[in-house]
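The values are calculated or read from the model by the stated rules, or taken from the named source; none is laboratory data. For clarity, every value in this text was computed on a predicted model and none was experimentally measured. So basically every Cβ, Gly included, is an ideal-geometry build from the backbone, and we count neighbours across all protein chains shown. Side chains included, ligands, DNA and RNA excluded: accessible areas come from the protein's heavy atoms. Shrake-Rupley method; radii C 1.70, N 1.55, O 1.52, S 1.80 Å.
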Amino acid sequence: MILPGNETREMRQHSTAYVPYSYYKCSLPYSFMSVPMHWHSEFELNYISCGMGEFTCGGETFTAEKGDLILLPPNMLHAAYPDPKSGLVYHALVFSPIILGANVHDRCTIEYIRPLINGARKITPLIPKSAKNYPLLECSAKQIFSCALKDCPCPELLLKSELMRFFWLLETDDGILRQKEEETDYGEQIRPALEYMMNHFHKKISIAQLAGLSHLSQSYFMSCFKKAVGLSSIEYVSQLRVNAACDALFSTDKKISEIAFACGYENLSNFNRQFKRSTGFSPSEYRSHQKASLPG
């Protein structure tokens, strides 16, 4: 399996040998505007507790809402965008394959766990509520997150066992796990362009330039990008710029004009217009709102 490039790999360390997982509660667009396209070497289990949003995972784009479960294998490109009206709140457990015994050499691991890690078997990211085992999977997921929240060694015994049970429930439910079929990997085709955009969103970027980096015609590049990311390349660059501006507005005291130019906008009025369209706030309103929400 060809891995996505390092530039889109998330730099945050989610797992260690001592604690092989991390728990997050993600609130979009309140904690951050969206989750841009990225990948990591761990599995990720998501449970949506409020609102709804659009997810792009491994080239598939779908809408998920309260009560839905999403499971991502290692190295899958994925992104999340909240619904502008309802927002999106979900619990996420990012866990190393080691917690599933990936280094063990028994037949169970060789036949069921490793194929999910190396991509030989495909996971349907959105686990549908119509799945035969969905009530049991949802109950298991809630137990997993309950254990992860306690962040101490003893509940990890139950967390490990529930993760194994969760995967067993997937294995015994037709249609969720299947042998990987030969299919066009749009994410791999546009990977050079995606990596360039992540590193150079503050500069002028043209479709011709991105298509050239990917060795594709402009029309085919635009089609591949939309299928892989769920947005057009222009929309995606705009999102990267707005996300960077949100971070700078919250974490620095730089002038708004300085932030706008640093994020790739050539004039302040265009920045203000795009920022408000994306967030619902003007840049100054966003800064005041976010800082007012800090504890203490």
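A cut-off of 5 Å between modelled amide H atoms, ignoring neighbours fewer than 5 places along the same chain, links THR61 with no other residue. With the simple spin-label model, which puts each label point 7 Å out from Cα in the Cβ direction, the LYS204 to LEU158 separation comes to 6.0 nm. Amide H to amide H, with H built 1.01 Å from N, SER49 comes under 5 Å of GLY67, VAL89, TYR90, HIS91, counting only residues 5 or more places away or on other chains. Label zone (SER130, point 7 Å along Cα-to-C-beta; backbone nitrogen cut-off 18 Å) within the range 151-173: 173. Annotation for the range 211-296: GluC sites (Glu not before Pro) lying in DSSP loop with at most 12 further Cβ atoms inside 10 Å of their Cβ are GLU266. Couplings 3J(HN,Hα) for the range 134-143, derived from phi with the Karplus relation 6.51 cos²θ - 1.76 cosθ + 1.60 (θ = phi - 60°), are 4, x, 6, 5, 5, 4, 5, 4, 4, 5 Hz, where x marks Gly and Pro.
For the chain, what is the relative contact order in percent, using Cα pairs closer than 8 Å and at least 6 residues apart in sequence? Averaging sequence separation for qualifying contacts and normalising by length gives 17 percent for the chain. Remark on GLU42: its backbone amide H falls under 5 Å from those of ASN75, a criterion applied only to residues 5 or more positions apart or on other chains, H modelled at 1.01 Å from N. In this label model, ASP151 and HIS289 are separated by 2.8 nm, measuring between points 7 Å along each Cα→Cβ vector. The range 1-138 gives an Rg/Rh value of 0.96, both radii derived from C-alpha positions and Rh following Kirkwood. Helix 283-292 and the longest principal axis of the Cα set of the chain meet at an angle near 50°. With everything on Cα atoms, drop me the angle between helix 153-171 and the longest principal axis of the chain, reported from 0 to 90° to the nearest 10. That helix lies at roughly 80 degrees to the long axis.
Classify the range 151-241 as rounded, prolate or oblate, taking a ≥ b ≥ c as the square roots of the eigenvalues of its Cα gyration tensor: rounded when a/c is under 1.5, otherwise prolate if a/b is larger than b/c and oblate if not. Oblate, because a/c is 1.5 or more while a/b does not exceed b/c. Past the 23 Å Cα-Cα mark, which pairs from LYS204/LYS226; LYS25/LYS226; LYS25/LYS150; LYS85/LYS204? Distance filter (> 23 Å) returns LYS25/LYS226; LYS85/LYS204.
Accessible area per residue (1.4 Å probe, heavy atoms of protein chains only) ranks VAL104, VAL19 as VAL104, VAL19, with the largest value leading. Under the simplified labelling scheme, the LYS142-LEU268 pair shows an inter-label distance of 5.2 nm, with each label point 7 Å from Cα along Cα→Cβ. Only one of (i) 1, 5, 10, 13, 14, 13, 11, 9, 6, 5, 3, 2, 2, 2, 2, 1, 1, 1, 0, 0, 0, 0; (ii) 1, 5, 11, 15, 16, 17, 14, 10, 7, 4, 1, 0, 0; (iii) 1, 5, 10, 12, 11, 10, 10, 10, 10, 8, 6, 4, 2, 1, 0, 0 was calculated from the structure for P(r) over Cα pairs in 5 Å bins from 0, in percent, and its label is (ii).
Annotation: aspartates and glutamates with alpha-carbon distance below 16 angstrom to LYS254 (same-chain offsets under eight excluded): GLU285. Computed from Cα atoms, the angle from the helix 268-279 axis to the main principal axis of the chain rounds to 30 degrees. Placing +1 on the Cβ of every Lys and Arg and -1 on the Cβ of every Asp and Glu, with nothing else charged, gives the chain a dipole about its Cα centre of roughly 660 debye. Calculation over all alpha carbon pairs of the range 67-150 in 5 angstrom steps from 0 returns a P(r) of 3, 11, 18, 21, 24, 16, 5, 2, 1, 0 percent.
Here the Karplus curve 6.51 cos²θ - 1.76 cosθ + 1.60, taken at θ = phi - 60°, turns the phi angles of the range 211-219 into couplings of 5, x, 4, 8, 6, 10, 5, 4, 5 Hz, with x standing for Gly and Pro. Across the chain, where is the longest run that never hits trypsin sites (Lys or Arg not before Pro) in a DSSP loop with at most 16 other C-beta atoms within 10 Å? Free of exposed loop sites, the longest segment is 13-65. Full extension of the segment from THR172 to GLU235, taken as 0.36 nm per residue of separation minus the current Cα-Cα distance, would add 18.7 nm.
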